[in-house]
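Reading through the structure tokens given below for one structure.
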Amino acid sequence: MWRGMAGAAILVGLMTLFLFALSCRNAGSAAQASAPLAFYPDIEPIIFENCAQPCHHPGGAGPFSLATYEDVRARARQIAVVTGKRYMPPWPPEPQKPPFLGERRLSGDQIERLRLWAEQGAREGKRPQNLVRSLPPEGWQLGKPDLILNLPKSFTLPAEGTDVFRNFVFQVPLSSPRYVRAVEILPGKKNVVHHANLLIDREQSSRRLDEQDPEVGFPGMDVILESSQFEPDSHFLFWKPGTPPSVEPAGMTWRLDPGTDLILNAHLQPSGKPEIIEPILGIYFSEEAPKFFPMLLQLEHDGALDIPPGGKDFVVTDEYPVPVDLDVLGVYPHAHYLGNIVEGWADLPDGRRQTLIRIHNWDLNWQAVYRYQEPVFLPRGSVIRMRFSYDNSADNVRNPNHPPQRVKAGNRSSDEMGHLWLQVLPKGGADQRIVLQETLMRARLGKYPNDFSAHFNLASVLQSRGRAREAIEHYRAALAVRSNALALNSLGTALQEVDQFEEAAACYRKALRLRPDYTDAHYNIGLLLLRAHQSERAIAHFEQVVRARPYDADAHNDLGSALFMQGRVQEAAVHFRTALRINPEHQNARDNLRLAEQRGR
Amino acid sequence: MNRLLLWLFALTQAFTLARGSGEQIELRDPEGRVVSPLRESDVRASVFIFTRTDCPISNRYAPELRRLYSKFAGRRIAFWLVYPGHKVSPAGIQAHLKEYAYPLPALQDPDHRLVKLTGVRVTPEVAVFAGSGAKAHLVYHGRIDDRFEDFGKSRPTATRHELEDVLQAILDGSPIATSEAPAVGCFIADLE
């Protein structure tokens with residue numbers, strides 16, 4: 001018995017010594033040896049700000065609550081370990097200047113306090129009487145949305161298996177274009193949705209993939225969208241656990257058109273039981289048209305991704321010469337499970353290096369959009385660079401292949417990717433995205449001389465800059481790579497600009513053979529036929545257009561014109577009136593209606 | 001005097017631990033019945049799976065545990081889900097069993113007696129006793145498989161299946177390759 005007591009005394013002595021050593025190391029910090037730490041007041045502020053408020057509260061994204069002393073006490077050691085490893089709170093980027101918005105990084109002293117508190121028995125202490133803590137409300141954080149979008153049916157995530165990457169198509173029931181200032185994403189079951197990206201599909205190009213899959217949505221880590229107009233993505237629309245929805249700055253709304261689909265690209269993690277996922281989108285409109293035109297720039301070199309099995313440090317790089325002065329507003333790096341060190345930076349004309357992001361130990365699970373506290377200014381002549389390294393060895397436990405296999409780029413989780421997206425805002429008044437896009441596409445052609453989308457996008461840029469003949473060359477180069485309805489239709493419009501109407505009509509007809517329901521091609525060929533006084537044939541095409549786009553005032557006006565030319569005046573008047581109902585400012589429809597009414601009398 | 005008794009109690013505990021037998025341990029199932037899981041006769045092995053209703057890593061293992069249960073339960077291997085701590089209520093355990101479709105019988109270990117006997121540290125972690133009654137002895141404790149390497153670091157699928165291999169070895173009468181393997185999960189000591 002005495003022996004036991006002596007043992008205990010020595011133990012106490014050692015503890016005191018140990019604590020003393022600690023308090024010396026953290027001189028001046030809260031980790032004092034004299035009084036053991038207590039939840040109130042030493043621990044609660046750290047937990048509330050970094051854990052409970054963002055995610056770990058009832059109904060929050062965290063898998064359990066840390067909102068009360070009892071909750072935290074029942075995880076004390078676990079909290080000490082996961083904060084000690086800096087796994088929690090999740091904040092992968094290294095510190096940099098300028099810092100990001102909402103950085104959630106514990107100080108060494110805070111981590112030490114959490115460890116010591118757990119070790120000392122996780123005492124409660126006395127809750128201050130005036131302590132008021134409010135947690136985020138359930139549901140919409142930005143208030144009731146102007147438009148709520150639901151899926152036609154829910155998706156059931158299986159109880160087990162590897163992570164699921166699912167894309168959900170939301171159709172937007174709008175009858176006229178609106179400006180959007182914010183989108184709030186309610187991901188459904190927050191505990192199984194790891195992150196979600198929202199993409200704008202202006203050409204309904206994902207609907208077919210959705211229809212081909214018997215379940216709601218379609219699989220894939222990355223989505224490739226088709227677009228025939230130059231309407232580059234300009235905003236990061238993103239959900240990640242614990243980050244409040246972002247409202248666009250003044251003057252930076254974006255346009256949402258009738259017929260546009262929104263695609264939610266979601267990363268889902270099985271929980272052990274089947275989970276019903278019902279994501280909901282809330283759209284907040286603005287009356288204000290955009291005054292500033294940001295653009296998303298993508299650096300990548302997926303074509304160079306060919307990682308040998310066992311390769312521990314495979315590197316992919318890309319660069320973008322900045323053609324105009326611009327501000328970088330945010331950054332979104334993306335790689336899959338082999339990603340290791342992810343870096344983006346700019347080499348400035350004066351030789352300085354500006355870090356944009358650096359993540360050591362990439363973890364797909366915590367991929368996110370990061371916005372800078374202050375915009376990062378890059379003068380013209382800077383070069384933005386990315387450097388991603390990959391670990392395809394068996395030492396990388398996340399390696400999807402066991403044993404490791406040769407891995408190339410692709411959108412399955414067993415494939416790889418390396419993308420660095422930047423949201424940039426060109427300096428100066430006008431919309432300069434087209435300049436950025438031309439540089440981007442020329443850089444892309446440098447990497448991939450036979451790339452369909454590089455030729456196609458460059459052609460679109462050139463066409464919109466009034467260089468139709470150069471555009472035609474690149475459309476043709478794109479079509480030499482593969483036949484495509486969008487490219488045929490666009491080539492048709494470029495040919496019309498240089499008065500090659502016969503060739504243009506041939507393009508539209510070819511496009512319609514590939515996609516008989518392609519509305520734009522119907523519209524374009526309808527116009528050509530109208531111009532050639534073949535109004536009878538034009539009617540059939542315009543009828544297709546108004547069926548697909550009943551809200552399209554121009555199409556109603558054109559259908560009316562074709563009917564009028566056929567002498568079907570009463571029917572024509574109906575369509576002119578419809579056009580005017582949709583757009584009361586439609587001068588052409590107003591003149592046509594007057595004409596029809598005179599003729600009708 | 002009180003202190004003396006306490007020390008004696010501690011000594012007995014230590015002795016029990018060293019012997020590695022828990023024949024006399026009595027716990028309650030969620031219906032309130034008293035169960036002596038290691039006194040069961042006629043089993044070739046008993047598997048204790050330590051879990052917690054609100055541990056995400058534990059819960060992700062529910063389908064794998066159902067698979068192992070359906071593979072081995074009919075072959076004279078007893079399975080028990082063990083909920084350490086006194087905070088969880090019998091009704092909470094029953095709701096958890098239903099939510100994750102566990103067909104396994106459950107026990108509550110409010111005073112961590114099974115925890116101490118087996119030396120497990122986290123949920124999910126398993127302890128396997130070979131033999132039954134007085135002959136029951138701990139042959140393995142640790143992870144179910146190697147899917148989780150650390151917090152936030154997991155393999156897409158497990159490459160080693162320690163629990164399954166141990167049970168198969170017992171059935172085959174072959175030697176057991178591993179007696180322990182570190183498990184990753186929620187610390188049981190947080191529930192004291």
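This ranking places A:ASP146, B:ASP172 by how few other beta-carbon atoms lie within 10 Å of each, fewest first, which gives B:ASP172, A:ASP146. Straight-line cross-link reach from A:LYS510 at under 14 Å between alpha-carbon atoms covers these aspartates and glutamates, not counting any fewer than eight positions away in the same chain: A:GLU502, A:ASP520. In chain B, the DSSP-assigned H stretches of four residues or longer account for a calculated mean residue ellipticity at 222 nm of -9500 deg cm²/dmol, using -39500 (n - 2.57) per stretch and the full residue count as denominator.
Dividing the helix sum by the residues of chain A, where each DSSP H run of 4 or more adds -39500 (n - 2.57), gives a mean residue ellipticity at 222 nm of -10000 deg cm²/dmol. The order of the peptides A:93-103, A:561-571 by mean Cβ neighbours within 10 Å, most packed first, is A:561-571, A:93-103. Taking other Cβ atoms within 10 Å as a rough exposure proxy, A:TYR518, A:TYR337, A:TYR179 sort from fewest to most as A:TYR179, A:TYR518, A:TYR337. Taking each of A:LYS190/B:LYS71; A:LYS126/B:LYS87; A:LYS312/B:LYS153; A:LYS97/A:LYS240; A:LYS85/A:LYS190; A:LYS240/A:LYS408 in turn, the alpha-carbon distance tops 29 angstrom for A:LYS190/B:LYS71. Axis of helix A:2-25 versus longest Cα principal axis of chain A: the two differ by about 50°, to the nearest ten degrees.
In this label model, A:GLU215 and A:ARG353 are separated by 4.4 nm, measuring between points 7 Å along each Cα→Cβ vector. Shielding of peptide B:57-64 by partners, expressed as the average count of other chain Cβ atoms within 10 Å per residue Cβ, is 5.
Averaged across B:153-159, how many Cβ atoms of other chains sit within 10 Å of each residue's Cβ atom?
Whole-number average of other-chain Cβ neighbours for B:153-159 is 6.
Shielding value for A:65-76 is 2, the average number of Cβ atoms from other chains within 10 Å of each residue's Cβ. Helix A:587-600 axis versus longest C-alpha principal axis of chain A: approximately 40°, rounded to the nearest ten. The residues neighbouring A:ASN191, those whose beta-carbon lies less than 12 Å from its own, together hold a net charge of +2 under the Lys/Arg +1, Asp/Glu -1 convention.
With springs only between Cα atoms under 10 Å apart, run a GNM on chain B and tell me which of B:PHE148, B:PHE129, B:PHE50 wobbles the most. Most flexible of the set in this elastic network: B:PHE148. Excluding same-chain neighbours fewer than eight residues apart, the aspartates and glutamates reachable from A:LYS427 by a Cα-Cα span under 16 Å are A:ASP325, A:ASP327, A:GLU374. Computed over the alpha carbons of segment A:182-274, Rg followed by Dmax gives 14.6, 45 Å.
Taking the alpha carbon gyration tensor of the protein assembly as shown, multiplying each eigenvalue by 5 and rooting it gives semi-axes of 62, 30, 26 Å, largest first. The length gained by stretching the chain between A:ASP499 and A:LEU514 to full extension, at 0.36 nm per residue less their Cα-Cα distance, is 3.0 nm. Diagonalising the gyration tensor over the Cα atoms of segment A:295-446 and scaling each eigenvalue by 5 before taking the square root yields semi-axes of 30, 15, 13 Å, largest first.
Please list A:380-387, A:306-313, A:592-599 highest first by mean number of surrounding beta-carbon atoms within 10 Å per residue. Intermediate results must be reported in sequence, preceding the final value.
Values: A:380-387: 18.2, A:306-313: 14.6, A:592-599: 16.1.
My ranking of the peptides, most packed first, is A:380-387, A:592-599, A:306-313.
Could you state the angle between the C-alpha long axis of helix A:535-548 and the longest principal axis of the C-alpha atoms of chain A, as a value from 0 to 90 degrees rounded to the nearest 10? Roughly 20 degrees between the two axes. One equal scatterer on each Cα of segment A:25-143, no solvent, Debye formula: the resulting log10 I(q)/I(0) at q = 0.09, 0.18, 0.20, 0.21 Å⁻¹ is -0.26, -1.01, -1.19, -1.28. Each of A:ARG207, B:ARG147 has some number of other Cβ atoms within 10 Å of its Cβ, and from fewest to most they run A:ARG207, B:ARG147.
We did not get these values from a lab; they are worked out from the coordinates using the rules stated. Since we're looking at a predicted model, the values are computed, not measured. Counting neighbours? That spans all protein chains shown, and the Cβs are built from the backbone with ideal geometry, glycine included.
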